[in-house]
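For reference, the structure discussed in these notes is given below.
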Amino acid sequence: YLIKFFIIKYMLLQYLKAGHIISVVSWFAGLLYVCRLFIYHVEAEKKQEKEKNIIQNQLNIMARRLWYGITWPAMIATIGFGVAITLKYDFLKVGWLHIKLAFVLGLVVYHFILGKIRKNLVNNTNKISSFKLRLFNELGTLFLITIVLIAYLKQYFLSIWTGFSIFVVFFLLISAIVYFKKKLK
């Protein structure tokens, strides 16, 4: 019976981890795609009035469905599965987990900022350019890379090379955005 108990406990943890990964992928897909929809919404301002209204109305519908149908539920599932998995650790002794949770908290703030941007676009009170939204979208990518590295490397994450790698990736992302902005002009 003891062996059966440990097998069930191990399997439960594996299912929790699988659920966590699935919900994280869904959350990031929602965050990154909704920000892309915002970029298209802002760029539609350059169109003629009739075409602009059609495009922006459709993008608002798509963003609302994505936001409430995928992004919000995925965030809640990610946090729920994450809390369940975290209970296995001695929280006070696991340094990498504190760093990961700090980035997850930053990601939750990022989520709420995107929600505010969505509302501003719906209400036609947006003041953010498409270029700034592109940069903001890359912040989501940086969160993704950093959180995955922390989760995968755990205690090795604290090395100087990991920090340097994240800086290089961020620099390359920003450089690509600036390059393509100039190329599209």
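Points to keep in mind about this one:
- In plain terms, the chain from K183 to N123 could stretch by 18.5 nm, reckoned as 0.36 nm per residue minus the Cα-Cα distance.
- q = 0.09, 0.12 Å⁻¹: log10 I(q)/I(0) that the Debye formula gives for the chain, counting C-alpha atoms only: -0.42, -0.69
- Cα-based values for region 77-154, radius of gyration first and Dmax second, are 15.7, 48 Å.
- Maximal additional length on extending the I85-L172 stretch stands at 28.0 nm, based on 0.36 nm per residue less the C-alpha distance.
- Residue-level accessible surface for F81, protein heavy atoms, 1.4 Å, Å²: 70 Å²
- Cβ-derived FRET efficiency at R0 30 Å, L12 paired with K116, nearest 0.05: 0.20
- With the whole protein complex present, F167 retains an accessible surface near 130 Å², based on a 1.4 Å probe.
- Whole-Hz Karplus values for region 117-130 come out as 4, 4, 5, 5, 5, 4, 8, 6, 10, 5, 10, 9, 6, 5 Hz, taken residue by residue from phi with 6.51 cos²θ - 1.76 cosθ + 1.60 and θ = phi - 60°; glycine and proline positions read x.
The values are calculated or read from the model by the stated rules, or taken from the named source; none is laboratory data. Remember, it's a predicted structure, so these values are computed and weren't measured experimentally. Quick reminder, even Gly has a Cβ in these numbers, built from the backbone with ideal geometry, and neighbours come from all protein chains shown. In case anyone asks, the SASA skips ligands and DNA or RNA and just uses the protein heavy atoms, side chains included. Shrake-Rupley method; radii C 1.70, N 1.55, O 1.52, S 1.80 Å.
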